[in-house]
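Visitor: Sharing a structure with you now.
Read-outs throughout are calculated quantities, based only on the coordinates presented, and are distinct from any laboratory measurement. Nothing here was measured: the structure is a model prediction, and the numbers come from that model. Heads up, the Cβs are rebuilt from the backbone with ideal geometry, glycines too, and the neighbour counts pull from every protein chain shown.
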């Protein structure tokens, strides 16, 4: 793939591409600081359909740039209400997503609105969007999140707990849920049908070459596909699929791809039995295939579906919906049309429903152009979040501050050990990240000591964690703490006790489990978290709970990782050291219990 580009500055490229959408579609606006494309308030809709006026639920999606027209060009009536862009092939931040949820869309009205956030199944996207969702929930917004994983290119064995990646079939979920929201349907119905569509999708792609990201050095020739090779199942970020094959004629290639989606005898990939009377076919251009060649590909796919599987799609969509920059490949998606069970429109009716977005096949209407709507949104997400109100959950501020400071000082003291462990099994940044977060909270507490209100105090710490802790662990802690705020708000006013904390912490664990498949035994920080909460709930004794977390962290030594960077690094390092994240969290819990990190302590390990 060529490494030549007209725009080589990736930041300038993304910013100008987003700005261009406001030029080609007057119905959308750009929040440049947060890279959000959103519908201008009060914009008319295509055909003047009155149903749009009754819309109560807003649909938000997003992801890394480089997949255009997804997601920003899918913003418009009948589709998305806002889309957030990250840098090329990288998730947008939680702060960007939160700004979209809380300041760039309607949908949380008094008559039962809400927000649906749809995200593809990539770790960074799920975690960062999850942080924003939990933050919005903690602020009282009715928001739900649907994760789409439709790719069968990587089977069950290789994907493991991570599950299927999200690729082009995601746009069908956008179209169906967007049409339902446009018709004024309530949040629970929109979420139900979106999940139903996602559960009935299978997709697979193929490419003749990896793509080159503008601004990056050209990759070594060994990373390219050879002149006679094709990658079946390649992801939309150059990720490997089921394997490289010698280049084959199109009929053979399409046959291989369809078998991966439809062969019920393949236990590794039989994710969906396409047995409906109605099937929708989407053939997607990854960016670099000519329109002429796409026509030939569509004809071959349709012919084989009927000949080999007896499937005659009731709708055939072909075009450029989700790209991998200028990827020289295509993907096939099949939607098994099922009953929505909501006493209203079916999936086909929703797919046919009018929409107006430059990334879909509908043109922008004459009304939208002539309206010359210049309205923008100026709401600040932090202001929308509102002031933190007293909760009635009281605690001894002096004792709580002393315990929390001791816990954070433990995390700072243990940085050297955690860094050493992470150098063996990771990239060496875990200890530094934990220390940076702990020191930032310590600084915050020195300026703004605990107030004795549990909800207010935790809520004040959350932004510190979100700003200072990056990476996967930072996102996990941010999700957990945002969920803890929401959990504490649901507790009746009372004086806080260890068991009351345990109740809230357990709810936070449940919230965290929605965004990560990590469970005890996967060699992650969860190995220390769950035992602490369980023992605290059972005994009400912080010291016993901390000892349980320490024991569980020690137990990760020799445990093979199921998640995280360690999975890819391989080697035998996991046999030599405990999980760095679990060890750092256990040290925090020990500090809460008044057990200080000392040389004698390390000698007991």
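Visitor: Scale the Cα Rg of the stretch 386-603 by the rule-of-thumb value 2.2 N^0.38 Å and send over the ratio, two decimals.
Guide: Normalised by 2.2 N^0.38 Å, the Cα Rg of the stretch 386-603 equals 0.97.
Visitor: If I compute Rg and Dmax of the Cα atoms in Å from the structure I just sent, which labelled value in (1) 24.2, 74; (2) 28.9, 92; (3) 25.2, 77 lines up?
Guide: Correct label is (3).
Visitor: Relative contact order, percent, of the chain when contacts are C-alpha pairs under 8 Å separated by at least 6 residues?
Guide: Averaging sequence separation for qualifying contacts and normalising by length gives 14 percent for the chain.
Visitor: To continue, here is another question. By how many degrees, 0 to 90 and rounded to 10, does the Cα axis of helix 542-554 deviate from the longest principal axis of the chain?
Guide: 60 degrees
Visitor: What is the distance in Å between the Cα centres of the stretch 389-415 and the stretch 296-374?
Guide: Computed from Cα coordinates, the inter-centre distance equals 53 Å.
Visitor: Work out how far the C-alpha atoms of the stretch 49-177 reach from end to end along every principal axis, then list the three figures in whole Å, largest first.
Guide: Computed over the Cα atoms, the extents are 46, 33, 25 Å.
Visitor: Which distance in Å, rounded to a whole number, links the C-alpha centroids of the stretch 162-197 and the stretch 475-493?
Guide: The stretch 162-197 and the stretch 475-493 have Cα centres separated by 27 Å.
Visitor: Something else: Say each of residue 399 and residue 227 gets a label point 7 Å from the Cα, pointing the same way as Cα to Cβ; how far apart are those two points in nm?
Guide: 7.8 nm
Visitor: Measure off 7 Å from each Cα along the Cα-to-Cβ vector at residue 217 and residue 560, then give the distance between these two points in nanometres to one decimal.
Guide: Calculated label separation equals 3.5 nm.
Visitor: Extending each Cα 7 Å along its Cβ direction at residue 19 and residue 5, get the distance between those two points in nm, one decimal.
Guide: Taking the two extended label points, one gets 1.7 nm.
Visitor: Can you compute the helix-only [θ] at 222 nm over the chain? Use -39500 (n - 2.57) per DSSP H run of at least 4 residues, normalise by all residues, nearest 500 deg cm²/dmol.
Guide: One gets -13500 deg cm²/dmol as the mean residue ellipticity at 222 nm.
Visitor: Could I ask something else about it? If you average the sequence gap of Cα pairs under 8 Å that are 6 or more apart and divide by the length of the stretch 10-356, what percent do you get for the contact order?
Guide: Relative contact order of the stretch 10-356: 18 percent.
Visitor: In whole angstrom, note down how far apart the Cα centers of the stretch 63-93 and the stretch 528-543 are.
Guide: Taking the Cα centre of each part, the stretch 63-93 and the stretch 528-543 sit 41 Å apart.
Visitor: Give the angle, between 0 and 90 degrees and rounded to the nearest 10, that separates the Cα long axis of helix 526-539 from the longest principal axis of the Cα atoms of the chain.
Guide: Computed tilt is about 50 degrees.
Visitor: While we're here: Under the 0.36 nm per residue contour assumption, what length would be gained going from the current alpha-carbon distance of residue 290 and residue 575 to full extension?
Guide: 97.5 nm
Visitor: Let me ask another. In what order do 265, 510 fall by count of nearby beta-carbon atoms within 10 Å, going from fewest to most?
Guide: 265, 510
Visitor: Now, a different point. Helix 187-199: angle to the longest alpha-carbon principal axis of the chain, degrees 0 to 90, nearest 10?
Guide: For 187-199 against the chain, the angle is about 70 degrees.
Visitor: Let me ask something else about it. Roughly speaking, what is the stretch gain from residue 259 to residue 161, that is 0.36 nm per residue apart minus the C-alpha to C-alpha distance, in nm to one decimal?
Guide: In short, 32.9 nm is gained.
Visitor: Sticking with this one: So how many Å³ per residue does the convex hull of the Cα atoms of the stretch 10-356 work out to?
Guide: Convex hull of Cα atoms, per residue: 133 Å³.
Visitor: Something else: Whole percent per 5 Å bin, from 0 to the bin with the longest distance: what is P(r) over all C-alpha pairs of the stretch 189-333?
Guide: 2, 9, 18, 22, 20, 14, 9, 4, 2, 0
Visitor: Nearest 5 is fine: what % of DSSP beta bridges in the stretch 10-356 come out antiparallel, could you say?
Guide: 55 percent
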